[in-house]
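All remarks here apply to the structure that follows.
Bear in mind these aren't lab numbers, they're just calculated from the coordinates by the rules spelled out. The structure displayed is predicted, hence computed values, not measured ones. In this analysis, Cβ positions are derived from the backbone assuming ideal geometry, glycine residues included, and neighbour counts consider all displayed protein chains.
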């Protein structure tokens, strides 16, 4: 059974901007914030949770994407390598 897309939230008071979450993320380049973290408020269809597991200060949390967020994600064009 495929995993449901998730949306990540970062506790900015705890985040040390180490970049570990970005380094382990298998998503395409650009799934980041200007603060060198994984993207927030953007559905992640891979949902591997590697970023959440690698965070040294447990500043990353996630929730299941809403039906609307999932529909918007499904409507996005697929990038070809």
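Fewest first, what order do 25, 51 take by the number of other Cβ atoms within 10 Å? If you can, show how the numbers build up before the last one.
On the way: 25 21, 51 24.
The most exposed by this proxy come first: 25, 51.
Where does the chain land at 222 nm, in deg cm²/dmol rounded to the nearest 500, when only DSSP H runs of n ≥ 4 count, each adding -39500 (n - 2.57), divided by all residues?
Working: 3 runs with 19 residues, N = 81.
That calculation yields -5500 deg cm²/dmol at 222 nm.
Using the number of other C-beta atoms within 10 angstrom as an exposure proxy, rank 48, 15, 55 with the fewest first. Each step should come with its number before you reach the end.
Working: 48 14, 15 17, 55 22.
Ordered from fewest to most neighbouring Cβ atoms within 10 Å, 48, 15, 55 come out as 48, 15, 55.
Would you mind calculating the gained length between residue 41 and residue 9 on full extension (0.36 nm times residue separation, minus the Cα-Cα distance), in nm to one decimal? Each step should come with its number before you reach the end.
Numbers: separation 32, 0.36 × 32 = 11.52 nm, distance 0.69 nm.
Length difference between fully extended and current span is 10.8 nm.
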